[in-house]
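The values are calculated or read from the model by the stated rules, or taken from the named source; none is laboratory data. Keep in mind the model is a prediction, meaning the values are calculated, not measured. Counting neighbours? That spans all protein chains shown, and the Cβs are built from the backbone with ideal geometry, glycine included.
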Amino acid sequence: MHEEIDVVVIGAGQAGLATSHELGLRGVEHVVLEAESPGSSWAHRWDSFTLVGPNHLVLLPGAPYEGDDPDGFLSREQITHHLEAYAARLSAEVRHDTPVRALRPGRAGGYDLETDHGRVHSRVVVVATGAYQRPHHPAAVQSLPAGLACLDVSQYRNPAGLPDGAVLIVGSGQSACQIAEELALGGRDVVMACGRAPWFPRRTGGRDIFEWLLDTPFFDHQVSDLATPAARLGANPQVSGRDGGHDLSFRTLDALGVRLGGHLVGSDDATVQLAADLQTTLAASDAAHDWLRDLIVAGCERTGQAPPDVPDPAPFAPATVETVRVRDIGAVVVAAGFRSRYAEWIEVPGLVDEQGFPRHDDGESTVAPDLHFVGVHFLRNRRSALLFGVGDDARATASRVAGRLGLTA
C-alpha cells in the first residue's frame, strides 16, 4: 500500500497528541501514527510508578487535569487512561499499531515513511516519539557476567519479578531511587552504584518543590544556559510522587538500608567493582541542592515572597561499598537514564548532535526542511518534554506547520 498524506505526526504520547490538538485548531489535516496505543510508553513503566509532578501540572492543551486530587500524583494507569481519552477526542485519525520503521527524504520532496502497513509519503512530518526512547547502558554494564539477570528500567516491574538475592541498582536519578526504595521496603538487600544527581526536599515552606521552581527561571532554561550541551543528559532532582509524594535522596535511601557505592567500574566472574568516588558524588549532590536553594531564594526576591528556610545539608558519610560478590547478586537493574534513537530510523545525515539531540531551528530540522520535532528534552527549554510544557512547543510547531502550508497560524 502507498498512501499520500500532507502532514503526519509520529507518536501518540503527550507530545504527539498535543501537537495533533494544535494542528486541528489551525485547520491542518493530518494523521497520527502510533507504534502501539496512545500513552503506551507510560503503560510500560513499573507497577508502582507515579508521576513526580503534581496532577495540577498535567496541562496538555485541550486536556488539563480536572480531577479531585490536584496535589496528588497520577499512577501509570491513570496517566495512560488520561492520554487514551485525549486521543479519542481529537479530530485527527490516530492509527494504533502502526510503527514507523524508517523515514527518509522522498525523491520529489517530502518524506517516505515505512510502516508495518505499507509506505506513506508526507509533505510534512512531526516526530513526537518521546524523550525516553532507549535505556542507556553504561559501558561497564557489558562486563557483567552473562548469567547474571540484568534488566533495564523499562523491563523492571516489581520486586517479586526479580530473582532472590541482592539487587544492584546502576544509577541514582529519580527512577533509580524510586526502584531502590521499593526494593528496600520489600526487604531486599540493595546496593546502588551512584552517579551524580541533585536532590531537594519534596516540600518546604508549605509548598512543593515544583511550585517553588516554577517561580524561578529553572524550567525556562535553554541549552545555552547550561554549563555544557551534555548537561541535558543530567539526572532530575531526586524526589518521589509515590504515597502522596516524599523526599527521596541518598540520605533517605541510606536510612532505609540501601548500601551506597561509587559508579560501576566493571566486573569479572567473581566480583563487581564500584569506584571509590562516592564522597565526591555526594558532595556534588549537596552542591546541586544548594544551587537549587539559591535559585529559589533569588526567585522569592523577584516575586516578593518569603523564602523557605532550607538548612544546609547535614554531614553525611555513609559506609562505602566498593565490591560486591557476584554470587550474592540476584539481579542488576540499570536505571542510568535514556538516550535518543532518532538516527537509528531517520535516514538523514547530520540529523542529530553529539548527544543524539536533533539539530533544529525552533523545532524544525536544520538539515531536513519540513521535518519537525516535539517532545524532545530541552528542545526549546527545560519544560519542552514535560506534561506542563509540551503544549507550548506543540503550539509553536503547529503554527509553523500551518504557516508553511499557507493556513492561518
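What the table shows:
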item	result
Residues (in a strand (DSSP E or B) and either in contact with a Pro (Cβ under 6 Å, 6 or more places away or on another chain) or not acidic (Asp, Glu) (or both)) located in the stretch 60-94	LEU60, ALA63, PRO64, SER75, VAL94
Selection count, the stretch 358-409, where residues are part of a loop (DSSP other than H, G, I, E, B) and over 20 Å from TYR111 (Cβ atoms)	14
Looking only at the stretch 151-165, and only at residues there that are of a type in the set (A, V, I, L, M, F, W, C) and surrounded by fewer than 19 Cβ atoms within 10 Å (Cβ to Cβ), the one that is farthest from ARG188 (Cα to Cα)	LEU151
Of the criteria (1) part of a strand (DSSP E or B); (2) touching an Asp or Glu at 6+ places or on another chain (Cβ under 6 Å); (3) within 19 Å of ALA331 (Cα to Cα), which one LEU168 fails	(2)
Residue among GLY130, GLY171 that is modelled with pLDDT under 95, buried (at least 17 other Cβ atoms within 10 Å of the Cβ) and under 23 Å from the mean Cα position of the chain (by Cα)	GLY130
Residues that are touching a Gly at 6+ places or on another chain (Cβ under 8 Å) and in a helix (DSSP H, G or I), drawn from the stretch 141-159	SER143, PRO159
Filter result for ALA231 (in the same structural domain as GLY165 (by TED's automatic domain parsing), closer than 28 Å to LEU148 by Cα and either modelled with pLDDT of 95 or more or within 22 Å of the chain's Cα centre (by Cα) (or both))	no
The stretch 311-334: number of residues that are surrounded by 12 or more Cβ atoms within 10 Å (Cβ to Cβ) and at pLDDT below 95	0
Qualifying residue in the stretch 339-351 (condition: surrounded by 17 or more Cβ atoms within 10 Å (Cβ to Cβ), of a type in the set (A, V, I, L, M) and touching an Asp or Glu at 6+ places or on another chain (Cβ under 8 Å))	no
Among the candidates GLN273, GLN279, residue that is without any contact (Cβ under 8 Å) to a residue 60 or more places away in the chain and farther than 30 Å from ALA298 by Cα	GLN273
